[in-house]
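Here is the structure we will look at.
Bear in mind these aren't lab numbers, they're just calculated from the coordinates by the rules spelled out. Quick caveat: nothing in here was measured; it's all calculated off a predicted structure. Positions of Cβ are generated from backbone atoms using ideal geometry, with glycine treated the same way; all protein chains shown enter the neighbour counts.
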Amino acid sequence: YTGKTGSQLFTERLKKLFVKDFQSIPVVVNESASVYDAIVTMFLEDVGTLFVVDKDSHLIGVLSRKDLLRASMGKQDLETIPVNIIMTRMPNITTCKPDDLLIDVANTLINKQIDALPVVLKIADESNEKYEVIGRITKTNITKAFVHIANEMH
Ligand code: ADP
C-alpha cells in the first residue's frame with residue numbers, strides 16, 4: 001500500500017494524459033469562405049470552434065460562435081463577408097501539440113478564457129512559423145479525460 005490519498009493518485013494519473021489520446025477531429029474552413037458558409041459548417045459539423053486555413057492547409061485563423069454572431073449583427077449580407085476579416089488570426093492563436101499534457105491545455109483554456117485549441121504540427125523547412133492542423137481540443141475533451149480517470153479508479 002502506497003499510502004497515497006485519492007487526490008494524489010488522481011493528480012498522478014492526470015499528469016500522464018496527453019492531448020493525442022483525447023483530441024477530436026478538427027473542422028476547418030478555407031480563408032475565402034463567407035461568414036454564411038462558416039455558420040452553416042458550424043451547425044452541420046456540430047462544433048463550437050472552426051479553424052481557418054489557407055490554400056496550403058496552413059492554420060491562419062480561429063472562428064468562435066460569438067465571432068460569427070458578432071458578424072451577423074450588422075446589416076451586411078453574410079455571403080459577402082469573408083471569414084478572414086472577422087477571425088482571430090496568427091500569430092495570436094493559442095495552439096497545442098499532440099505530446100502536450102492535457103492538464104497544461106486545460107490550464108491554458110482557463111487562463112485565456114477560450115473554448116478550444118487547435119492541435120498542430122509545425123511544418124518543417126520553413127523560416128517563418130507555419131502549422132498544419134491535425135486535431136482539436138475543447139472543454140468537452142477535458143471533461144472526457146476527467147470521466148476516464150474516474151472510471152479507472154471507480
Ligand atoms: P465564444 O467567443 O463563442 O465565447 P471562445 O471563448 O472560444 O468562444 O472565443 C473567444 C474569442 O477568442 C473569439 O474571438 C475567438 O476567435 C478567440 N479564440 C478562440 N479560440 C482561440 C485560440 N485557440 N487562440 C486564440 N484565440 C482564440
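Of the residues 143, 8, 35, the one whose Cα sits farthest towards the positive end of the charge dipole of the chain is 8 (charges of +1 on Lys and Arg Cβ, -1 on Asp and Glu Cβ, taken about the Cα centre). For the chain, DSSP calls about 80 percent of its internal beta bridges antiparallel. For segment 63-125, the spread of Cα positions along the three principal axes, ordered from largest to smallest, is 44, 33, 14 Å.
Take the chain and mark each of the trypsin sites (Lys or Arg not before Pro) that is in a DSSP loop with at most 16 other Cβ atoms within 10 Å; the longest unmarked stretch, sites excluded, is 76-154. Lysine pairs in the chain whose alpha-carbon atoms fall under 13 angstrom of each other, counting only those eight or more residues apart or on distinct chains, come to 5. Amide H contacts for residue 18 (H built 1.01 Å from N in the peptide plane; partners 5 or more residues away or on another chain; cut-off under 5 Å): 102.
Counting only Cβ charges, +1 for Lys and Arg and -1 for Asp and Glu, the dipole size of segment 6-153 around its Cα centre is about 520 debye.
The amide H of residue 60, built 1.01 Å from its N in the peptide plane, has 52, 53, 54 as neighbours under 5 Å, considering only residues 5 or more places off or on other chains. The shape of segment 26-79 comes out prolate: with a ≥ b ≥ c from the C-alpha gyration tensor, a/c is at least 1.5 and a/b beats b/c. The modelled label-to-label distance between residue 10 and residue 56, using points 7 Å beyond Cα along the C-beta direction, is 4.6 nm.
Counted by Cβ distance under 13 Å from residue 78, the other residues give a net charge of -2, where Lys and Arg count +1 and Asp and Glu count -1. Helix 102-112 and the longest principal axis of the Cα set of the chain meet at an angle near 50°. The largest-to-smallest principal axis extents of the Cα set in the chain are 66, 39, 24 Å.
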